[in-house]
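Every number in this text was worked out from the coordinates using simple rules, so none of it is lab data. Note that this is a predicted model, so its numbers are computed, not measured. Positions of Cβ are backbone-derived with ideal geometry, glycine not excepted, and every protein chain shown enters the neighbour counts.
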Ligand SMILES: [Zn+2]
């Protein structure tokens, strides 16, 4: 039993460390931007719901541009909505203002709508470090894996854990109770 669990764990880690095509497309867009320093500044803005993740990691930060000296930042809210979005927009403004960009403006883009496929592989591994099972990077299924031991031998305790985007599970291998960040796409 135990050996079997380890094999599943290695498979799931290999899967989760893979970037989705969507996350790769975001990275290519960012790499092609003429404003890498601005993107770098905004890496300091974390999501209030999951402070281990920056707004880039979680897929909220879409674009940064400069037009006639004015910085424009494009954000897409996660499905869980707008209260966090207002915090994010205010923090983006503050970080840019403190760095000397007084003319910063934040735009909200609703389409295409946010998906967990925009999470970076780094975000998935940081979620595991936080004890949260990340959404699957595979478009065909979404399975919870224990963030402690990697086992897929898990049972759902509750559909909702604190926020609608998470479900609560118990690991049947090591008995850890953990949150799974559900895939949204
Ligand atoms: Zn476990």
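Each peptide among 91-98, 110-117 gets the average number of other Cβ atoms lying within 10 Å of its residues, and from highest to lowest they stand as 91-98, 110-117.
Within the chain, the ratio Rg/Rh, alpha carbon atoms throughout and Rh by Kirkwood, equals 1.02. In percent, rounded to a whole number, the relative contact order of the range 21-117 is 27, using alpha-carbon pairs under 8 Å and six or more apart. Per the Cα gyration tensor, the range 85-173 maps to an equivalent ellipsoid with semi-axes of 34, 14, 13 Å, ordered largest to smallest.
Taken along the Cα-to-beta-carbon direction at a fixed 7 Å, the label points for residue 164 and residue 37 span 4.2 nm. Note on the range 42-88 and the range 109-185: Cα centroid distance 21 Å, given to the nearest whole angstrom.
A simple spin-label model places pseudo-atoms 7 Å from Cα toward Cβ; at residue 29 and residue 110 they are separated by 1.8 nm. The modelled label-to-label distance for the pair residue 90/residue 149, using points 7 Å beyond Cα in the direction of Cβ, is 4.3 nm.
For the chain, the relative contact order works out to 22 percent when only alpha carbon pairs closer than 8 Å and six or more residues apart are counted. Using only Cα atoms and rounding to the nearest 10 degrees, what angle (0 to 90) does helix 82-98 make with the longest principal axis of the chain? The angle comes out near 50 degrees.
Per the Kirkwood treatment, what hydrodynamic radius in Å, one decimal, follows for the range 21-117 from the mean inverse distance over all distinct Cα pairs? List each step's numbers first, then the result.
Numbers: mean 1/r = 0.0742 Å⁻¹.
Taking every pair of different Cα atoms in the range 21-117, averaging 1/r and inverting gives 13.5 Å.
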